[in-house]
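S.K.: Before we start, here is the structure in question, set down as structure tokens.
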Amino acid sequence: MPDHNARALLLARRQRVAAHAIAAEAVFHQARILLLIVAFSGRTRGLRSLARLSRLDFLLRFPPILEYMNIDGHPTWPPPAATVPAERHATDIAFAGSRYGLWTDRYTLIIGALLGKQLIRQVPGRTLEVIATPNGRTAATQLTAATEWTRTKGRAEFLHQRLDLPAARLDQLLRPAIRRMEKELLKDNA
């Protein structure tokens, strides 16, 4: 019987560890999306459409792709938000193209969590337009006090300044950039 109890305790511990890991990942994604929404939030206007949100967030998740985008000049992140070598050589950057797309269910959950925490609100009369609340702005400020989020905040602000474009135009810029990056990665690994 002790062997059965030990297994049950081990299983319960593994389940708690897995639940904590899932919760931590959810909070990580919520933090990144909050910083993006804060960057795009004015007094009365916010970030419109899940499609636009997903394309902008894709650039936050895979920052080296910006360097392959065909926009005015040679696009690079500004110095405090610059791509670091670890991001350029991360294993998952090679699979970025397979992760591109509108994952509405994921963003719906993230937006729902941020709405539930009253960090953002939906602009009335719009299909989906979200704007940061005062609590959301405070949370973003506290979040960026942590060094690891400062770069993400700078990137979100840069996206608002340089790529405040409709979802369709972002898509037209991203798809060829992904292909160029994948082609270069294949060449480098050949």
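The values are calculated or read from the model by the stated rules, or taken from the named source; none is laboratory data. All values derive from a computational prediction rather than experimental measurement. Note that each Cβ is placed from the backbone with ideal geometry, even for glycine, and that neighbours are counted across all protein chains shown.
S.K.: Specify the residue that is surrounded by the most Cβ atoms within 10 Å (Cβ to Cβ); the eligible residues are those in region 127-149 that are assigned to a strand (DSSP E or B) and touching a helix residue (DSSP H, G or I) at 6+ places or on another chain (Cβ under 6 Å).
M.R.: Filtering region 127-149 for residues assigned to a strand (DSSP E or B) gives 129-132.
Checking which are touching a helix residue (DSSP H, G or I) at 6+ places or on another chain (Cβ under 6 Å) leaves us with 130, 132.
Values: VAL130: 27, ALA132: 25.
In this case the residue turns out to be VAL130.
Matching residues to (1) touching a strand residue (DSSP E or B) at 6+ places or on another chain (Cβ under 6 Å); (2) modelled with pLDDT under 90; (3) within 28 Å of GLU129 (Cα to Cα):
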position: ALA8; (1), (2), (3): no, yes, no
position: ALA26; (1), (2), (3): no, yes, yes
position: ILE33; (1), (2), (3): no, no, yes
position: ILE37; (1), (2), (3): yes, no, yes
position: PHE40; (1), (2), (3): yes, no, yes
position: ARG52; (1), (2), (3): no, no, yes
position: LEU60; (1), (2), (3): no, no, yes
position: PRO75; (1), (2), (3): no, yes, yes
position: ALA82; (1), (2), (3): no, yes, no
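S.K.: To continue, here is another question. Considering only region 54-93, state which residues are out of contact with any Asp or Glu (no Cβ under 7 Å at 6 or more places or on another chain), under 24 Å from PRO166 (Cα atoms) and basic (Lys, Arg).
M.R.: Within region 54-93, just ARG61 meets the criteria.
S.K.: Is it the case that some residue within region 153-164 is within 30 Å of LYS117 (Cα to Cα), under 17 Å from the mean Cα position of the chain (by Cα), among the aliphatic types (A, V, I, L, M) and assigned to a helix (DSSP H, G or I)?
M.R.: Looking through region 153-164, at least one residue is within 30 Å of LYS117 (Cα to Cα), under 17 Å from the mean Cα position of the chain (by Cα), among the aliphatic types (A, V, I, L, M) and assigned to a helix (DSSP H, G or I).
S.K.: Out of THR108, THR44, I need the residue that is closer than 23 Å to GLN161 by Cα and either modelled with pLDDT under 85 or part of a helix (DSSP H, G or I) (or both). Which one?
M.R.: Going through THR108, THR44 in turn, the sole match is THR44.
S.K.: Filter region 64-83 for residues that are in a helix (DSSP H, G or I), under 18 Å from the mean Cα position of the chain (by Cα) and over 23 Å from ALA139 (Cα atoms) and give the result.
M.R.: PRO64, ILE65, LEU66, GLU67
S.K.: Answer with yes or no whether LEU119 is surrounded by 17 or more Cβ atoms within 10 Å (Cβ to Cβ) and at pLDDT 90 or above.
M.R.: yes
S.K.: Next question, about the same structure. For GLU182, indicate whether it is over 22 Å from ARG43 (Cα atoms), of a type in the set (D, E, K, R) and touching a Gly at 6+ places or on another chain (Cβ under 7 Å).
M.R.: yes
S.K.: Another question, then. Do we have any residue at all in region 173-183 that's surrounded by fewer than 17 Cβ atoms within 10 Å (Cβ to Cβ) and within 18 Å of the chain's Cα centre (by Cα)?
M.R.: Step one: filter region 173-183 for residues surrounded by fewer than 17 Cβ atoms within 10 Å (Cβ to Cβ), giving 175-176, 179-180, 183.
Narrowing the set further to residues that are within 18 Å of the chain's Cα centre (by Cα) leaves 175.
Yes - at least one qualifying residue is present in region 173-183.
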